Amino acid sequence: MLDKWSILRDLTEARKAFGVSDRDLAVLAGLMSFHPTKELRDNDQLIVFPSNATLSGRVHGMPESTLRRHIAALVRAGLVLRHDSPNGKRYATRNSTGQIDRAFGFDLRPLLVRAAEITEAAKATRQLALQLRRLRESVVLRLRDASKLLAWANDASVRATDTLSQMLSDAQRQIRRKLPLSDLQKLAIALDDLLAEVPDTGSNSRNERQSQPK
């Protein structure tokens with residue numbers, strides 16, 4: 001048994017890992033809303049069969065041409081399966097007791113089968129986001145330290161080279177962008193190198209300033 005909305009939340013977090021967009025997932029949410037219960041169970045009927053017009057109404061009037069494009073993306077990603085009828089329409093037939101015995105439409109079973117994979121991908125996405133946030137904070141602190149040390153060196157009449165100033169300017173420009181982990185790691189190393197090259201007199205000047213009576 002699987003809470004369908006919980007797996008959709010995980011999939012939303014991990015959407016890049018599955019190559020789908022937020023709009024693709026909006027259509028998936030629309031499809032999932034036609035499944036009558038909150039849970040997806042292995043022995044349930046998991047094929048939903050809304051017409052394009054009905055599904056369009058469920059996803060805030062999305063044009064049918066756009067709808068078809070997002071459905072195709074979900075199928076390519078292996079998140080839903082198509083079960084086409086002979087005439088291409090989506091519908092279900094029922095037996096003598098009123099139970100659905102055949103359905104033609106979109107099968108949500110891949111969500112059930114791939115639930116563990118989706119959950120792990122969401123967990124990895126959250127871990128990466130945390131790693132990025134912490135590394136970015138560390139880089140910002142390095143930038144602040146480098147900027148202060150260069151300022152102290154200049155105040156103490158120690159000539160900070162144009163190269164160091166340019167390195168700092170480049171790093172400040174880079175951090176304004178949303179950098180991937182590898183670029184942030186390179187930037188952190190570059191800033192460590194920059195800090196190592198800042199003249200020591202800058203630190204001495206700082207110590208002198210701190211020791212001066214107020």
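The values are calculated or read from the model by the stated rules, or taken from the named source; none is laboratory data. On a predicted model such as this, the values are computed, not experimentally measured, just so you know. For neighbour counting, all protein chains shown are included, and Cβ atoms are generated from backbone atoms with ideal geometry for every residue, glycine included.
At a glance:
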| item | result |
| --- | --- |
| Of all residues in segment 19-28 being touching a residue at least 24 places away in the same chain (Cβ under 8 Å) and surrounded by fewer than 20 Cβ atoms within 10 Å (Cβ to Cβ), the one that is nearest to THR54 (Cα to Cα) | ALA26 |
| Some residue of segment 85-100 being within 29 Å of the chain's Cα centre (by Cα) and of a type in the set (Val, Ile, Thr) | no |
| Output for segment 100-123, where each listed residue is farther than 18 Å from LEU40 by Cβ, surrounded by fewer than 18 Cβ atoms within 10 Å (Cβ to Cβ) and in the same structural domain as PHE18 (by TED's automatic domain parsing) | ASP101, ARG102 |
| Residue that is within 15 Å of the chain's Cα centre (by Cα), buried (at least 17 other Cβ atoms within 10 Å of the Cβ) and of a type in the set (A, V, I, L, M, F, W, C), where the choices are LEU55, LEU46, LEU31, LEU11 | LEU11 |
| Entirely in segment 1-114, the strands (runs of 3 or more DSSP E) that have 2 or more residues that are out of contact with any helix residue (DSSP H, G or I) (no Cβ under 8 Å at 6 or more places or on another chain) and either at pLDDT below 95 or more than 30 Å from PRO180 (Cβ to Cβ) (or both) | 91-94, 100-107 |
| Residues of segment 55-103 satisfying the condition of being among the aliphatic types (A, V, I, L, M) and free of Cβ contacts under 8 Å to residues at least 12 places away in the same chain | ALA72, VAL75 |
